1. For E54 paired with D73, estimate the spin-label separation in nm (one decimal), with each label point 7 Å from Cα along the Cα-to-Cβ line.
2. Can you tell me the length gained on complete extension of the stretch L36 to T64, counting 0.36 nm per residue apart and subtracting the Cα distance?
3. In nm, to one decimal, how far is the S7 label point from the A86 one, both placed 7 Å along Cα→Cβ?
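All of the numbers you see were taken from the coordinates with simple rules; none came from a lab. Please read all numbers here as calculations on a predicted model, not as lab measurements. Glycine gets a Cβ as well: all are built from the backbone with ideal geometry, and neighbour counts include every protein chain shown.
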Amino acid sequence: MESSSASHPASYTVVLRPALAEPGDSARRGVLRTALVEATGEFGASGYPRYAGEGVQADIDPRTRTVEAVTLDGAELPYGWVAQLADG
C-alpha cells in the first residue's frame with residue numbers, strides 16, 4: 001500500500017454492475033449505477049485511500065485499480081452487485 005496521498009489519483013469513476021452469472025464468465029452485463037468519487041485525504045479500514053461522491057464511498061488500491069471496500073448510500077451493496085473502476 002502507498003502511504004502518500006499525493007501519489008494517489010484525485011478521482012475515479014466507480015461502476016456498479018451485476019455480479020458474474022457463471023464462474024469464469026468474463027462479461028459483466030449492464031451498468032446499474034456509476035459515481036464519480038474524489039479523494040477524501042483519508043484512508044479506510046482496508047488501509048487504502050478513501051474516495052467519496054454521489055452516494056458512494058470506496059477504498060481503492062491505486063496500484064491495482066481495485067475497489068477494496070465500498071458502500072452505496074451508507075449501506076453495503078445490494079446482493080449480486082459488484083464495484084469496479086471505469087476504464088481509463
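1. Placing both labels 7 Å beyond Cα along the Cβ direction yields 1.5 nm.
2. 8.2 nm
3. 2.7 nm
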